[in-house]
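Here is the structure we will look at, set down as structure tokens.
The values are calculated or read from the model by the stated rules, or taken from the named source; none is laboratory data. Given the structure is predicted, the values throughout are model-derived calculations rather than measurements. Methodologically, a virtual Cβ is constructed for each residue, glycine included, from the backbone with ideal geometry; neighbour enumeration extends over all protein chains shown.
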Amino acid sequence: MKTRLFLLLILSFIVFFDVSAQKSNKKITITGRVTDLYSSPVYGALIMIDGKTTSAKTNDKGFYKIKVKPSASQIGVFTTTLGVKEVPINGGSVVNFNLDQVNTVFQGKETSSVSDEVVNEGYSFAKKGSITKPVSKTDVSGKEYSSFSSIYDVLRTLPDVNVSGSSVTVRGVGTTGNSSPLFVVNGVTVSSINTINPSMVKSIEVLKGSAASIYGVQGANGVILIQLK
């Protein structure tokens, strides 16, 4: 009788701790809204968790929704014009952001994360071995790149890019009007990369010639695709 009671107690403890563990590992849903200086919604802002970008972004009304692990401590928002703003989660389920500068809304098409063997060709992906277009891709996620002070320092290390201050051109292309290439960050066309921190960048691809033609006239001076972590 005592043995049976003891076994029942042990089983009860096992079930209790198993249920507790499942509850502690259950993801938490966080929602919120991102607005600019004038309380207007910021569209397309990337949501970050513990310093890393996620696939979540704000909709046209500035709202976002994301599920995070209980261990997550920081939530942030990233835009190419306003940079990064992060705050502690502190167990909150609603976190709003008000950015202190006017945000420029960029229209673009979202792309998914791809492996090192895959090349982003604008609006599609292809294996490197299956294309003959002039494409170069560089993994810049290492510590040696995160030590750079600006994204332009990282671009200077790429063989297909010329950088002078914040002026960037792609080698081997005939420039049209403004000589700057088209910048695309996580699939979104942007007008500036000034606020991108090198430690946030996973890889950089340079497209030119026929590889950049999928972007039309915008890609005439080459295209630089920046994939964030």
crowded, with 20+ Cβ neighbours inside 10 Å, more than 19 Å from V190 (Cβ to Cβ), within 14 Å of the chain's Cα centre (by Cα) and of a type outside the set (K, R), is that true of I30?
no
Give me a count of the residues in region 199-224 that are within 20 Å of F148 (Cα to Cα) and over 12 Å from the mean Cα position of the chain (by Cα).
4
State yes or no: is Y43 closer than 26 Å to S199 by Cβ, aromatic (F, W, Y), assigned to a loop (DSSP other than H, G, I, E, B) and at pLDDT below 90?
yes
So in region 46-57, with the set limited to residues that are modelled with pLDDT of 85 or more and of a type in the set (S, T, Y), which one is nearest to N197 (Cα to Cα)?
T54
Quick check on G174: is it at pLDDT 50 or above and within 26 Å of K57 (Cα to Cα)?
no
So which pairs qualify, if the first residue must be in region 144-156 and surrounded by fewer than 16 Cβ atoms within 10 Å (Cβ to Cβ), the second must be β-branched (V, I, T), the Cβ gap must be under 7 Å, and the two must be at least 6 apart or on different chains?
R156/V163
